[in-house]
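Presented below is the structure to which this report refers.
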Ligand SMILES: [Zn+2]
Ligand SMILES: [Zn+2]
């Protein structure tokens, strides 16, 4: 006899599955080569699985939730491959696990201040330059300078990031910044820009805010 099905997060799942989703949220790390690495929540995978649009197609968790173990979308935090398909838990990915463990070191005080500062930057897409670059008005409401401001760019078949050069915008001032946001791939009419979530120790590599500031102002 097949199991009863229930609707959870708008998705039909087998009875008992919502409880497994709850349980999965308590398993924060995976142990690889003796190192506990933070599991990658749905939506933080390097591949876009549509987390901003729908629950996980395999395990029905929502964006930001941890996948139910054995979900085939879950990404391995050591090798970046498919968690159920890679060999890391069999010891082969030891070096990668160590490397990853270093990358996910907690934020330093300085990095924390960068995370705080980037929240105080505001930006607005104002149009396009003659050469197709997108133009933004960026205001620095923080007390620091940042080298870049990371924003999200989306089009019909593409979801990526853009790194606005904001190093000249001193605290309390604003400026217009131009940036090529996939202009060869996206028409101005179909491109959209969005705020990205705060960086975490595991996602810091994608944020150029942590890069070195150019010396000269
Ligand atoms: Zn999943
Ligand atoms: Zn792996």
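The values are calculated or read from the model by the stated rules, or taken from the named source; none is laboratory data. Computed from a predicted structure; not experimentally measured. Here the Cβ is made from the backbone with ideal geometry for all residues, glycine too, and neighbour counts use every protein chain on show.
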Practice item. Among the residues of the range 57-87, write down those that are closer than 16 Å to residue 14 by Cα and either buried (at least 17 other Cβ atoms within 10 Å of the Cβ) or within 8 Å of ligand 2 (Cβ to nearest atom) (or both). Key: 59, 60, 61, 67, 68, 71
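For the range 56-69, check the following and say yes or no: at least one residue is more than 19 Å from residue 105 (Cβ to Cβ), more than 9 Å from ligand 1 (Cβ to nearest atom) and touching a strand residue (DSSP E or B) at 6+ places or on another chain (Cβ under 8 Å).
Checked against the condition, which is being more than 19 Å from residue 105 (Cβ to Cβ), more than 9 Å from ligand 1 (Cβ to nearest atom) and touching a strand residue (DSSP E or B) at 6+ places or on another chain (Cβ under 8 Å), the range 56-69 yields no hits at all.
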**Study point:** Selection from the range 181-200 of residues that are assigned to a loop (DSSP other than H, G, I, E, B) and surrounded by 14 or more Cβ atoms within 10 Å (Cβ to Cβ)
**Key:** 181, 182, 183, 185, 186, 191, 196, 199, 200
Review point. Restricted to the range 73-87, and to residues that are at pLDDT below 95, within 13 Å of ligand 1 (Cβ to nearest atom) and part of a loop (DSSP other than H, G, I, E, B), which residue is nearest to residue 200 (Cα to Cα)?
Key: 83
Check your understanding: Looking at 161, 172, 141, 155, which one is touching a strand residue (DSSP E or B) at 6+ places or on another chain (Cβ under 8 Å) and under 22 Å from residue 205 (Cα atoms)?
Key -> 161
Study note, to complete from the structure: Exception for residue 118 within (1) more than 30 Å from residue 9 (Cα to Cα); (2) touching a helix residue (DSSP H, G or I) at 6+ places or on another chain (Cβ under 6 Å); (3) in a loop (DSSP other than H, G, I, E, B) falls at (3)
Point to revise | Leading residue by the ranking (modelled with the lowest pLDDT) among those in the range 22-54 that are over 21 Å from the mean Cα position of the chain (by Cα) and surrounded by 14 or more Cβ atoms within 10 Å (Cβ to Cβ) | key: 33
Review point. Here is a list of conditions, (1) crowded, with 18+ Cβ neighbours inside 10 Å; (2) more than 18 Å from residue 199 (Cβ to Cβ), and residue 178 meets all of them except one; can you say which number that is?
Key: (1)
Practice item. Would you check which residues across the range 32-46 are within 23 Å of residue 155 (Cα to Cα) and either in a strand (DSSP E or B) or more than 14 Å from ligand 2 (Cβ to nearest atom) (or both) and list them? Key: 42, 43, 44
Revision key, fill the gap. Flagged in the range 102-151 as buried (at least 16 other Cβ atoms within 10 Å of the Cβ) and within 17 Å of the chain's Cα centre (by Cα), in numbering order, are 104, 111, 114, 115, 118, 148, 149, 150, 151
Practice item. Filter the range 29-42 for residues that are within 14 Å of ligand 1 (Cβ to nearest atom) and in contact (Cβ under 8 Å) with a residue 60 or more places away in the chain and give the result. Key: 40
